[in-house]
Amino acid sequence: MLATFESTRNILVDKPNDQSSRWSSESNYPPQYLILKLERPAIVQNITFGKYEKTHVCNLKKFKVFGGMNEENMTELLSSGLKNDYNKETFTLKHKIDEQMFPCRFIKIVPLLSWGPSFNFSIWYVELSGIDDPDVVQPCLNWYSKYREQEAIRLCLKHFRQHNYTEAFESLQKKTRIALEHPMLTDLHDKLVLKGDFDACEELIEKAVNDGLFNQYISQQEYKPRWSQIIPKSTKGDGEDNRPGMRGGHQMVIDVQTETVYLFGGWDGTQDLADFWAYSVKENQWACVSRDTEKENGPSARSCHKMCIDIQRRQIYTLGRYLDSSVRNSKSLKSDFYRYDIDTNTWMLLSEDTAADGGPKLVFDHQMCMDSDKHMIYTFGGRILTCNGSVEDSRASEPQFSGLFAFSCQCQTWKLLREDSCNAGPEDIQSRIGHCMLFHSKNRCLYVFGGQRSKTYLNDFFSYDVDSDHVDIISDGTKKDSGMVPMTGFTQRATIDPELNEIHVLSGLSKDKEKREENVRNSFWIYDIVRNSWSCVYKNDQAAKDNPSKSLQEEEPCPRFAHQLVYDELHKVHYLFGGNPGKSCSPKMRLDDFWSLKLCRPSKDYLLRHCKYLIRKHRGIF
């Protein structure tokens, strides 16, 4: 796409109030593109798009950015989209290969879709940021040139060996001293292809497995879910007194050291609950810690609260709850805060009202995480409960949401880290309810995604570094990855595995009656933190529940909301209990089923057997 020089110059100046200050394509049919030539090679790290002062049909809903040292050979740096508003948006561009920065001289912006489907593309303002210091760029340029040369030579080596051009292969490898592959693969090619020594091949594969060369491959394989319904042992027959009853809106935490799941409170369809339970995985048995925690100086009956556990000190904290509007008053709206000591089996009231102590007001559907190493608790979001005044105040009637707070368990003090903000600044975060928040104990970041704000379902994903007080936007939710990320509008329960750098998300039923479908499905997602990628482990269509003849091993829990999911990161097992199945014919119905979930990948033994099978099949044994 060729554009006039005058129109392309417009993107160099940010004039949001001038509708003519933009570059526009001649049509809305790809390929349309704009190429920017830098004055000198640079490490281009970010791109910022300015916009018109009002929403506009020509804004880029979807686009790609490419970069390279020449116009003919470019690498994709970004695939994303802009919000149809007036705020500037900044995106991080790919600028590393194998953790090494590479330079660009040309940047190519390719519009793919405008917000008005039949309208041309417009770019109002573009700003590039990065490093252009020659002392930094020149070594990167030298490395990049050498990298491209090495890759070209490796392609030649691969071609020569595939066609058995032995002399050319050996001559090029000797001259360049560039290895085509891992020495083990070269050894395997020699024994299998050239010599046909199958016994030596099997020994080589065994050594590779023992040396851990298959570990990375295993980590990249898809998980296979294995659900199992847990039927706990009972000492008094099958009476309900020996296990938690049906409920939703309860809370669970797990002590991974003792393999004990703790469950507190919830709503049984008619009333809030105050019972407290402990499930021993080793004994496969529930034990009632307390029938009514309020009678033991603990929290009153509640639901939609949150709990977190300090495994090092063996203490459980609980905060927040939901109150019906009919019972809200200045006294009941105080936000109490409790701690339970597992070893002494005692509750302690830490605060009668956290808001009076500088903490959050009374909230529900918030999130709470524990940092055991620094003895800190982080709570974010949730809807603030307010009294219903007799005078209608339009501002007061709007939902209020809680910000991000930190609580020092040692100093017993609260600190507000971020207020609820609707701004699009790089350090601003938008509060919400029904979201997921997880703490990564190794990289010391909170991960927040999903949730709902009023009637808007949010699809953004960001991390917050608790030590540097920095927000990093992983995804602003504008990129249209239909089917490639968990859907918004459905109840999500998430866990994290810091060792594997994975976030697990179980997506179930929507709380919104209008969004429920008869054929609603469970889905389980994995987010790879290092690779910044989502993958769907499975989606079920409820066949197991609708077909009673299926065996127990094939069954899976039905879609639901208001359930709880916890994860034992040491033994790699999830536990799910209860919830609301969302049956319109039985609105008070709650569940009391208990499930475990294991995510399985191919084992080293399986891969070894499979490799030996392939070798023997090639040998002609099978």
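Any read-out appearing in this document is the output of simple, stated calculations on the displayed coordinates, not a laboratory observation. The shown structure was predicted, so the numbers you read here are calculated from the model rather than taken from an experiment. Methodologically, a virtual Cβ is constructed for each residue, glycine included, from the backbone with ideal geometry; neighbour enumeration extends over all protein chains shown.
If we count every other residue with Cβ under 13 angstrom of F169's Cβ, Lys/Arg +1 and Asp/Glu -1, where does the sum land?
Numbers: positive: R154, K158, R161, K174, K175; negative: E167, E170, E181, D190.
Taking every Cβ under 13 Å from that of F169, the sum is +1.
At a 10 Å Cβ-Cβ cut-off, how would you order R9, R177, fewest neighbours first?
Least to most surrounded, the residues fall as R177, R9.
On a straight-distance basis, which lysines could pair with K195 in a cross-link, Cα separation under 18 angstrom, same-chain partners fewer than 8 positions away excluded?
K612, K617
Treating cross-link reach as a plain straight distance, find the lysines whose alpha-carbon is under 27 Å from the alpha-carbon of K37, omitting any fewer than eight places away in the same chain.
Filter leaves K15, K51, K61, K62, K64, K83, K88, K94, K96, K108, K146, K479.
Rg and Dmax of the stretch 184-285, using alpha carbons, in Å: what are they?
Calculated on Cα positions, Rg and Dmax stand at 25.6, 76 Å.
Please state the relative contact order of the stretch 213-311 as a whole percent: Cα pairs under 8 Å, 6+ residues apart? List each step's numbers first, then the result.
Values: 162 pairs, mean separation 24.4, N = 99.
25 percent.
Tell me the relative contact order for the stretch 306-419 as a rounded percent, counting alpha carbon contacts under 8 Å between residues six or more apart. Please report the intermediate quantities before stating the final value.
Working: 238 pairs, mean separation 25.4, N = 114.
Relative contact order for the stretch 306-419 comes out at 22 percent.
Could you order peptides 469-476, 210-217 by the average number of other Cβ atoms within 10 Å of their residues, highest first?
Ranking the peptides 469-476, 210-217 by packing returns 469-476, 210-217.
Taking only DSSP H segments of four or more residues, each worth -39500 (n - 2.57), what value at 222 nm results for the chain once the sum is divided by all its residues, to the nearest 500 deg cm²/dmol?
It comes out at -4500 deg cm²/dmol, rounded to the nearest 500.
Using only alpha carbon pairs under 8 Å that are at least six residues apart, calculate the relative contact order of the stretch 225-600 and give it in whole percent.
15
Looking at this model, which pairs from K233/K306; K334/K442; K224/K415; K334/K588 are more than 31 angstrom apart at the alpha-carbon?
K334/K442; K224/K415
Reachable aspartates and glutamates from K191, Cα under 20 Å, same-chain residues fewer than 8 places away excluded?
Qualifying aspartates and glutamates at Cα under 20 Å: E167, E170, E181, D199, E202, E203, E206, D211.
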